[in-house]
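Read through the structure below, which is laid out as C-alpha cells, and then see the notes.
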C-alpha cells in the first residue's frame, strides 16, 4: 500500500515595512499564488481546463524556498519580483537543492485601477526566467505573460491572457485565452458561471494548434458546499488524431 509523506505547499514569513509600502515573503512559496494570476484561474472554484485555470506556458517550479518582494507605491500600481528554487517540490523541504542555485526568477508590473461606473480591474505584465537544471537535464527557458480581468459591473468580469516562452522546455509555446464570468444568477446571488475560449500552439514542431472552449455553472448549495458542472470542447487536440474531444465534468467542494 503506497503512502504519501506530509506535504507543505507553503510556509513563509511575511513582513511589511512603511505601512505596507514594501512587503516581503520569505520561505517555501508557491509561485502560482504570486505571478500572472487571474480572478478566474482556480480549478477548485471555476474553470477546469488548464488554459483558464493555470498558466501552462510559464515554467513555474513546484513550491520551493525563495523570496517575493512587493512594492506598493499607490493603490493602483504595484511591482512584484522574486526568486525561488527551480527544483522546488511540495514533498521535499528544499534545503538540499536550493544550494545548487538553479533559480526561477520573475518580475511583474501590475495596474489595479477602479474605473468609475464599472469596478476593479487587474492588468499584469509578467517576465520570467528559469535556469537550466543540469541534474535533471533540463534546459533554461524564459518568457512573458499578460493577464487582464476587468469588472464591467459588480456581477460581470471578462478576462484575457497571453503567454509566451522561448524554448521547448514546456509543452505549450504560446497560449491565448479569453472569456467572461458572472456572479449571482438563477439560483442564488452566490452562484457563479463562466465561459472561456483558448488557442494554444505546442512547442513540438509538427503538432497542430489546439483550440478549446469551456462553460461551467457553480451552485452554492449551502454556506459551505458548492456543486459545479461544466463541459469542455477541445478541437484539433495536439496529442491526438481526433478532430474533437468533449469532456463533461462534475465537482463537489466542501469548505471547512
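Name the pairs whose Cβ atoms lie under 7 Å apart, with the first residue in the stretch 79-105 and on the phi > 0 side of the Ramachandran plot and modelled with pLDDT under 90, the second surrounded by 20 or more Cβ atoms within 10 Å (Cβ to Cβ) and not in a strand (DSSP E or B), and 6 or more positions between them or separate chains?
94/88
Restricting to the stretch 167-212, name every residue that is touching a residue at least 60 places away in the same chain (Cβ under 8 Å) and farther than 24 Å from residue 142 by Cα.
Answer for the stretch 167-212, where residues must be touching a residue at least 60 places away in the same chain (Cβ under 8 Å) and farther than 24 Å from residue 142 by Cα: 179, 181, 192, 194, 196, 212.
Going through the stretch 46-71 one residue at a time, which ones are over 23 Å from residue 85 (Cα atoms) and in contact with a helix residue (DSSP H, G or I) (Cβ under 8 Å, 6 or more places away or on another chain)?
Result: 46, 47.
Inside the stretch 24-38, can you point out the residues that are in contact (Cβ under 8 Å) with a residue 40 or more places away in the chain and buried (at least 18 other Cβ atoms within 10 Å of the Cβ)? Before the answer, list the steps.
Start the filter on the stretch 24-38 by keeping residues that are in contact (Cβ under 8 Å) with a residue 40 or more places away in the chain, which leaves 24-26, 28-29, 31, 34-38.
25, 28, 29, 31, 34, 35, 36, 37, 38, listed by residue number.
Could you count how many residues in the stretch 194-210 are under 19 Å from the mean Cα position of the chain (by Cα) and farther than 15 Å from residue 57 by Cβ?
So the answer is 4.
Applying the selection to the stretch 42-62, what residues are buried (at least 22 other Cβ atoms within 10 Å of the Cβ) and more than 27 Å from residue 136 (Cα to Cα)?
46, 47, 49, 52
The values are calculated or read from the model by the stated rules, or taken from the named source; none is laboratory data. Worth saying up front: this structure is predicted, and the values here are computed from it rather than measured. Please note: Cβ atoms are built from the backbone with ideal geometry, for glycine as well, and neighbour counts cover all protein chains shown.
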